[in-house]
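One structure is given below, encoded as structure tokens.
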Number of protein chains: 2
Amino acid sequence: MKKSRTTITEIANQLGVSPSTVSRALNDHPAISKKTKKAVVKLARKLNYQPNLLALNLLKNKTNTIGVVVPEITSYFFSSVINGIQDMVNPLGVNMIISQSNESYEEEKNIIQTFTSIRVDGFLISPSSETKNFGHLKILTDNNIPLVIFDRDCEGIEVDKVFVDEYNGAFQAVEHLIQTGCKRVAHIAGQQTLSTARHRLKGYKDALSKYNIPVNEKYIVESCGFAPEHGIDPTKKLLALPNPPDAIFTINDGVAIGAMYAIKEAGITIPEEISVIGFDDDPHSSFFKPSLSTVWQPTYEMGVLAARFLMRRINASNEISSFRIETLLPELVVRGSSR
Amino acid sequence: MKKSRTTITEIANQLGVSPSTVSRALNDHPAISKKTKKAVVKLARKLNYQPNLLALNLLKNKTNTIGVVVPEITSYFFSSVINGIQDMVNPLGVNMIISQSNESYEEEKNIIQTFTSIRVDGFLISPSSETKNFGHLKILTDNNIPLVIFDRDCEGIEVDKVFVDEYNGAFQAVEHLIQTGCKRVAHIAGQQTLSTARHRLKGYKDALSKYNIPVNEKYIVESCGFAPEHGIDPTKKLLALPNPPDAIFTINDGVAIGAMYAIKEAGITIPEEISVIGFDDDPHSSFFKPSLSTVWQPTYEMGVLAARFLMRRINASNEISSFRIETLLPELVVRGSSR
DNA sequence: CTTTTTTATGCAAACCTTTGCATAAAGTTT
DNA sequence: AAACTTTATGCAAAGGTTTGCATAAAAAAG
């Protein structure tokens, strides 16, 4: 029973004019008389005409759709970046199609392949932790498909990029720990394939150096993920050291939550015996006891900015030569888990 | 420099055959000779031919895209439903385009309007808490656009639906509280526009009745959202009662987390003096101290099932008469916040 | 009343692919 | 050798819209 939706030709027939006239009338073309315009618009409204975007897409070779590829969608971090993207892009009549790589290089490649074949106008990508080879991204740039990378860097791919100053955030966090009297600051690091994890580690080390504290490799443990359960084992390892740390700076809030759990389990008090500080400012963080000190990241803003960069590329008919790299500032949020 | 991608016509010209032959060869049509097929396929591969899906979409009047409308994406609940949808739909070559209503009726209407105009093949919708009027959904069904409603019901709209048995989950939770010795069980309810919230409230009341406990309206407080901060005030209100509750069943884990925070703040012990039980089984829940008892919902499965229903509708050329309503079973997860 | 200018509209191509029908060439049957 | 069947390919339409160019009609100028 699906009655086909009204087309421009239908309006044209009913009015006894040609489709081109209808098209021009609806687009307010100057060469169409006022009477015709009025008649067309009226009938179009009456028949509830809606332009067939599929036809438009084919003609313009443009989909008004951007592809967003993130490692996962369930984390607060990425879902709030997506919020920013959506809010930037929707008012422009652009839609986003999202897919998760689940931190898998293969899946990431497939997604990009799929999105390319449905001809998204551009890509917004944060690579998976498995991704070391950037050939799939190179194909995009080689084919002049607009691409913006955010949060996690892909060294060697020259495109617009938006990051958070991870180094600065980590430095602030560790400096705060030292200034509040912690002597043995440990770090539960993230997978070192990730630029973000590397920069935070660097920030940690440099902050120690600034205060002439030697870097103790025993105090650096790598977690294999970002969820609370990934914080448990590294924390136990740290607590079991002959000279256990009196502060732990973790790669993110998820891991910090796991760390706090393990610490409490061991009967150690936070922050009196051990300070803990995370990264991300997950909305849950302030409701733990003690509430989690952390480093807030401008996630929403990152989404907005990345989307803005992408739209600029998409709308630039002529090549824009220089690539922009923007680094946003995080902020230390001191709560109850640090002194 | 954007070299236009290779088309079927290009291959045809290079091979001195017609485009139709190329099309048929690539689609393995029986009426094409083996030699021609081989030649076409070889050249297509060499030129890295990829069919123009835009043209296909126009021709078939189908986009292989489904529209997913959720209240928000940052909650674990909806993001894991989306996970299920994606995993069901991607292997079928179908993409999903997601948008958030932010619990706003207006935004929800706009999203549906937009998705309709880009001609998604079908809709997967969980309405906003503001949505009381379902005219915008009626338009979809009137126009025979496939639609599946999940989690939150829209009474009066006759389509396939997938729910969780909220009543059952709430009943289990409250029964558990009663059976572990709680005498004064309170409920922080959700906004009563939501079917889910209404069913949970009903489950709460009926469980009390089963044990001949009168329903005390003072023990029922409505929260205005699902985040931890929305649990604080209702909890304070309950604790300030002359005869405060010894158990609180909350609309979801977010609110439960806020409730636990307020309770600890008041110096009351969990679960000795007050038991707390949530709903959702958010991954953070087990890492609180005490860990949060809750009701697990099959979110991923709900996404998969809703997507399956939708794909069935989309692929059914002939009308399927009867609508399916599936209700999935939640499970009580007892942890440390209840006795 | 011509000729020129302006104004309003239509034609047809383009975007790319699929597919029913027609047709040419080859092969088979009488 | 004529009639028929099979096989392989091409033509053209369809899907809906935009747009350069042509053109008809009307208005202005001479």
Next item on the list: Could you run through region B:22-50 and say how many residues are within 8 Å of DNA strand C (Cβ to nearest atom) and touching a residue at least 40 places away in the same chain (Cβ under 8 Å)?
Entry: 2
Check: surrounded by 15 or more Cβ atoms within 10 Å (Cβ to Cβ), touching a residue at least 24 places away in the same chain (Cβ under 8 Å), within 16 Å of DNA strand D (Cβ to nearest atom) and assigned to a helix (DSSP H, G or I): does that describe A:L54?
Finding: no
Next item on the list: Go through region B:3-21 and count every residue that is part of a helix (DSSP H, G or I) and more than 7 Å from DNA strand C (Cβ to nearest atom).
Entry: 7
Check: outside any loop (DSSP other than H, G, I, E, B) and within 16 Å of DNA strand D (Cβ to nearest atom), is that true of B:T63?
Finding: no
Next item on the list: Give B:G16, B:G93 a once-over and let me know the one that is at positive phi, within 15 Å of DNA strand D (Cβ to nearest atom) and open to solvent by 20 Å² or more (accessible area, probe 1.4 Å).
Entry: B:G16
Checklist line | Number of the exception - B:Q172 against (1) under 24 Å from the mean Cα position of the chain (by Cα); (2) crowded, with 22+ Cβ neighbours inside 10 Å; (3) under 16 Å from B:V276 (Cα atoms) | finding: (2)
Margin query: With the structure loaded, tell me whether B:T327 is within 30 Å of B:N64 (Cβ to Cβ) and either within 13 Å of chain A (Cβ to nearest Cβ) or open to solvent by less than 10 Å² (accessible area, probe 1.4 Å) (or both) or whether it fails that test.
Written below: no
Next item on the list: Find all pairs meeting these conditions: Cβ atoms under 7 angstrom apart; at least six residues apart or on different chains; first residue within region B:61-82 and within 18 Å of B:G122 (Cα to Cα); second residue part of a strand (DSSP E or B) and hydroxyl-bearing (S, T, Y).
Entry: B:V69/B:S99
Next item on the list: Looking only at region A:175-215, count how many residues are within 30 Å of A:I157 (Cβ to Cβ) and in contact (Cβ under 8 Å) with a residue 60 or more places away in the chain.
Entry: 8
Item checked: region A:83-99: number of residues that are more than 16 Å from A:L147 (Cα to Cα) and at the interface with chain B (Cβ under 10 Å from one of its Cβ atoms) -> 5
Margin query: Which residue is nearest to DNA strand D (Cβ to nearest atom), if the candidates are limited to region A:22-51 and must be open to solvent by 100 Å² or more (accessible area, probe 1.4 Å) and assigned to a loop (DSSP other than H, G, I, E, B)?
Written below: A:N27
Check: Across region B:57-72, what is the total count of residues that are crowded, with 23+ Cβ neighbours inside 10 Å and under 23 Å from B:H284 (Cα atoms)?
Finding: 2
Next item on the list: Please tell me if B:N61 is within 13 Å of DNA strand C (Cβ to nearest atom) and either under 17 Å from the mean Cα position of the chain (by Cα) or within 14 Å of another protein chain (Cβ to nearest Cβ) (or both).
Entry: yes
Margin query: Exactly one condition in (1) more than 30 Å from B:Y105 (Cβ to Cβ); (2) in the same structural domain as B:T131 (by TED's automatic domain parsing) is false for B:I85; which is it?
Written below: (1)
Check: Can A:F134 be described as touching a Cys at 6+ places or on another chain (Cβ under 6 Å) and open to solvent by 10 Å² or more (accessible area, probe 1.4 Å)?
Finding: yes
Next item on the list: Go through region A:216-322 and tell me which helices (runs of 4 or more DSSP H), entirely inside it, have 3 or more residues that are within 12 Å of chain B (Cβ to nearest Cβ), touching a residue at least 60 places away in the same chain (Cβ under 8 Å) and closer than 23 Å to B:G254 by Cα.
Entry: A:253-265
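The values are calculated or read from the model by the stated rules, or taken from the named source; none is laboratory data. Source: prediction; values computed, not measured. No Cβ is skipped: glycine too gets one built from the backbone with ideal geometry, and neighbour counts run over all protein chains shown. What goes into the accessible areas is simple: the full protein's heavy atoms, side chains included, and nothing from ligands, DNA or RNA. Shrake-Rupley method; radii C 1.70, N 1.55, O 1.52, S 1.80 Å.
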